[in-house]
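The values are calculated or read from the model by the stated rules, or taken from the named source; none is laboratory data. Keep in mind it's a predicted model, so treat the numbers as computed, not measured. Positions of Cβ are backbone-derived with ideal geometry, glycine not excepted, and every protein chain shown enters the neighbour counts. Calculation scope for accessible area: heavy atoms of the full protein, side chains included, ligands and nucleic acids excluded. Shrake-Rupley method; radii C 1.70, N 1.55, O 1.52, S 1.80 Å.
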Amino acid sequence: MQGSISLSFSTPAISRSDPARFLVAGVGVTPEGVSFSRLQGQALRFCVRKFAGVGRSPHLVSSRKLCKKTLAAVTDNGSTGKGFDYDLVIIGAGVGGHGAALHAVEKGLKTAIIEGDVIGGTCVNRGCVPSKALLAVSGRMHELQSEDHLKSMGLQVLNHSYDRQGVADHANNLASKIRSNLTNSLKALGVDILTGVGTIVGTQKVKYGKVGTVDKEVTAKDILIATGSVPFVPNGIEVDGKTVFTSDQALKLEWVPEWIAIVGSGYIGLEFSDVYTALGSEVTFVEALDQLMPGFDPEIGKLAQRILINPRKIDFHTGVFAKKITPAREGKPVQIELIDAKTKEPKDMLEVDAALIATGRAPFTKGLGLESVVNVTTQRGFVPVDERMQVIDTNGNPVPHLYCIGDANGKMMLAHAASAQGISVIETICGKVHVLNHLSIPAACFTHPEISMVGLTEPQAREKAEKEGFEVFVAKTSFKANTKALAENEGEGLAKLIYRPDNGEILGVHILGLHAADLIHEASNAIAMGTRIQDIKFAVHAHPTLSEVLDELFKAAKVTAGISRSVDEPVAV
């Protein structure tokens, strides 16, 4: 499907302040209902200025040619090379596949995306998006339930309650809206959406189709696997979707149990504990490792337990496995048999109203045809890839024209990581080899308050330092020293910087506090750009803002190296 954007032509006066209107050869063009990406928007604004007479020059004719090419790239899904139906076929239309498709069109590649379920994948339909809607509700409920917090600000709330169906509808409506936005953006750019389950049947050939229909085949110069993941359910756990369920069912919020056990205390488990306690449930964590939140920096984990676990109606069992979980039936509650994680001896029996299985996610790669067609052996379902996301075969060699991103390769199971990997692959396909620095990709847990992180934890950094022979220093700053946090009466929190004092390299940043998920990006961008602490100390932050937490953090670091790059002289404006 090429040139699928419908353009209406007229000759009204052009407003230069309206970036959605532009002139081509003197004709006013209005692309109706089209959402442009950042690069496309910049290109179109350039065309607006040139054809509206802004900055006329002897080079206007060549500018017209350039803008015609730009318009073609925006409104056309490229043109494929000889012998292929497409330049790129993407299997999976989640956040990773969607990001890759948009970038591919920007690069002029004729692109198709195969989806057997719904556009948006796990993140939009059963993950990040609907969970944030529930967490938005839980944040407000926690605030309303904190009488001391409100009193200190002179507020009194006599009654507060919630409508369960209204909360569930909020989450469902948000997912539907974002799914529609993603679908429309693909269609607007001319990406062909092929409905069905995709399977690789040749080096550069994919078939797709639905059950009960005849499969169709397409060829592509390059194929990108972006099939995502599904909830992982350990052996011995019986999921009925009603009283024993995964995050997929929990997000529907069909009921709010009085007492719920959450198996696993990672991101998913912790966020759902925030939701359920806000809605009145008692929560019991079941964690196989010796401490809660094992993936977090230990210091942040301890503080999170003090703020997010201890004051709430939450208890926990650590160092235990849920050997068997039986759903509620015949008047009996959900039964959970606990055994010692090390000795495997029986420990306890829990009887609760419901159990949420939050034990991580497994790659959704079965049936892709990798083993039989391209000699690729998955590792626990994960597709092996190199640093450029190119698939590796059983002999350790890159498979030509085949790439894999996101949860399916297991490098970093985050939606935005999948999108970044997809963009990186497109750059490589187009001749500019790009290697993504995964240590610069931030992560966040949207509890109240939030937790965010980027780079290494302190134990990881010290292990690396011992191997490579350098020192590690740690700097910290508290939200209690931040004016904006105190104005919100949200002084609980900590920001932690792990760095090298000899050269100012940022090894890791961890934040627990108000809007931590937003604050982390200054640190992640610094790592991505290679910015050193001695340089970022000169950055100016508005006062009073939460961003000053990071400002104080970087200024607290003791770096022995001087400024790593020149600082421009100030310019009077």
Are there strands (runs of 3 or more DSSP E) fully within segment 181-233 with at least 3 residues that are without any contact (Cβ under 8 Å) to a residue 24 or more places away in the chain, in the same structural domain as Ala101 (by the TED database) and within 19 Å of Lys107 (Cβ to Cβ)? List them. none
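Looking at segment 303-312, which of the residues that are surrounded by 14 or more Cβ atoms within 10 Å (Cβ to Cβ) and out of contact with any Phe, Trp or Tyr (no Cβ under 8 Å at 6 or more places or on another chain) is farthest from Gly513 (Cα to Cα)? Full working, then the answer.
The first filter runs over segment 303-312 and keeps only residues surrounded by 14 or more Cβ atoms within 10 Å (Cβ to Cβ), leaving 303-305, 307-309, 312.
Still in the list and also out of contact with any Phe, Trp or Tyr (no Cβ under 8 Å at 6 or more places or on another chain): 303, 305, 307-308, 312.
Working: Leu303: 10, Gln305: 13, Ile307: 10, Leu308: 11, Arg312: 17 Å.
In this case the residue turns out to be Arg312.
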Within segment 392-422, of all residues that are in a strand (DSSP E or B) and farther than 15 Å from Ala100 by Cβ, the one nearest to the chain's Cα centre (by Cα) is Ile392
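Counting just the residues of segment 164-178 that are under 13 Å from Ile119 (Cα atoms) and surrounded by 15 or more Cβ atoms within 10 Å (Cβ to Cβ), which one comes out farthest from the chain's Cα centre (by Cα)? Let's see the steps before the verdict.
The initial filter retains those residues of segment 164-178 that are under 13 Å from Ile119 (Cα atoms), namely 175-178.
Still in the running and surrounded by 15 or more Cβ atoms within 10 Å (Cβ to Cβ): 175-176, 178.
On the way: Ala175: 15, Ser176: 18, Ile178: 14 Å.
Taking the candidates together, the pick is Ser176.
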Among the residues of segment 140-159, is there at least one that is of a type in the set (Lys, Arg), open to solvent by less than 60 Å² (accessible area, probe 1.4 Å) and assigned by the TED database to the domain that holds Gly422? no
Going through Leu71, Leu66 one at a time, which residue ends up being buried (at least 18 other Cβ atoms within 10 Å of the Cβ), modelled with pLDDT under 90 and part of a helix (DSSP H, G or I)? Leu71
Going by the structure shown, is Phe321 open to solvent by 50 Å² or more (accessible area, probe 1.4 Å), more than 24 Å from Gln165 (Cα to Cα) and aromatic (Phe, Trp, Tyr)? yes
Need the failing condition index for Gln390 against (1) more than 21 Å from Asn525 (Cβ to Cβ); (2) open to solvent by 30 Å² or more (accessible area, probe 1.4 Å), just the number. (2)
Please find, within segment 336-364, the residue that is surrounded by the most Cβ atoms within 10 Å (Cβ to Cβ) out of those that are over 14 Å from Val233 (Cβ atoms) and basic (Lys, Arg). Lys347
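So that you can scan it fast, the table gives a plain yes or no per residue for (1) at negative phi; (2) hydrophobic (A, V, I, L, M, F, W, C):
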| position | (1), (2) |
| --- | --- |
| Lys313 | yes, no |
| Thr318 | yes, no |
| Gly331 | no, no |
| Ala358 | yes, yes |
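Can you report the number of residues in segment 90-144 which are among the acidic types (Asp, Glu) and modelled with pLDDT of 95 or more? It would help to see each step written out before you state the result.
The first filter runs over segment 90-144 and keeps only residues among the acidic types (Asp, Glu), leaving 106, 115, 117, 143.
The next check asks that each one be modelled with pLDDT of 95 or more; those that pass are 106.
Total meeting the criteria: 1.
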Here is a list: Ser419, Ser424. Which entry is among the hydroxyl-bearing types (Ser, Thr, Tyr), under 25 Å from Tyr267 (Cβ atoms) and touching a helix residue (DSSP H, G or I) at 6+ places or on another chain (Cβ under 6 Å)? Ser419
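Looking at segment 179-202 only, could you name the residues that are hydrophobic (A, V, I, L, M, F, W, C) and open to solvent by 50 Å² or more (accessible area, probe 1.4 Å)?
Ile193, Val197, Val201
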Restricting to segment 423-460, name every residue that is part of a helix (DSSP H, G or I) and among the small types (Gly, Ala, Ser). Ser424, Ser440
Examine segment 107-116 for a residue that is among the acidic types (Asp, Glu) and either free of Cβ contacts under 8 Å to residues at least 24 places away in the same chain or touching a helix residue (DSSP H, G or I) at 6+ places or on another chain (Cβ under 7 Å) (or both), and state whether such a residue exists. no
For Ala341, which of the numbered conditions (1) within 30 Å of Thr284 (Cα to Cα); (2) not assigned by the TED database to the domain that holds Ala288 fails to hold? (2)
Within the set of pairs 6 or more residues apart or between chains, which connect a residue that is on the phi > 0 side of the Ramachandran plot inside segment 379-405 to a residue that is open to solvent by 60 Å² or more (accessible area, probe 1.4 Å) and part of a strand (DSSP E or B) with Cβ atoms less than 9 Å apart? His401/Lys221
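Go through Asp274, Asp215 for me and flag whichever is surrounded by fewer than 16 Cβ atoms within 10 Å (Cβ to Cβ) and either over 18 Å from His448 (Cα atoms) or at pLDDT 95 or above (or both).
On the way: Asp274 fails: surrounded by fewer than 16 Cβ atoms within 10 Å (Cβ to Cβ).
Residue meeting the stated conditions: Asp215.
Based on this model, can you work out whether Ile262 counts as open to solvent by 40 Å² or more (accessible area, probe 1.4 Å) and not assigned by the TED database to the domain that holds Cys445? Lay out the reasoning, then the answer.
Values: open to solvent by 40 Å² or more (accessible area, probe 1.4 Å): no; not assigned by the TED database to the domain that holds Cys445: yes.
For Ile262, the condition - open to solvent by 40 Å² or more (accessible area, probe 1.4 Å) and not assigned by the TED database to the domain that holds Cys445 - is not met.
For segment 365-380, which residues satisfy the criterion of being open to solvent by 50 Å² or more (accessible area, probe 1.4 Å) and either over 25 Å from Val286 (Cβ atoms) or in a helix (DSSP H, G or I) (or both)? If you could, list the steps in order and put the result at the bottom.
We begin by selecting, within segment 365-380, every residue open to solvent by 50 Å² or more (accessible area, probe 1.4 Å); these are 366-367, 371-373, 375, 377, 379-380.
Those that are open to solvent by 50 Å² or more (accessible area, probe 1.4 Å) and either over 25 Å from Val286 (Cβ atoms) or in a helix (DSSP H, G or I) (or both): Lys366, Gly367, Glu371, Ser372, Val373, Asn375, Thr377, Gln379.
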In segment 447-472, anything at positive phi and open to solvent by less than 60 Å² (accessible area, probe 1.4 Å) is listed as Gly455
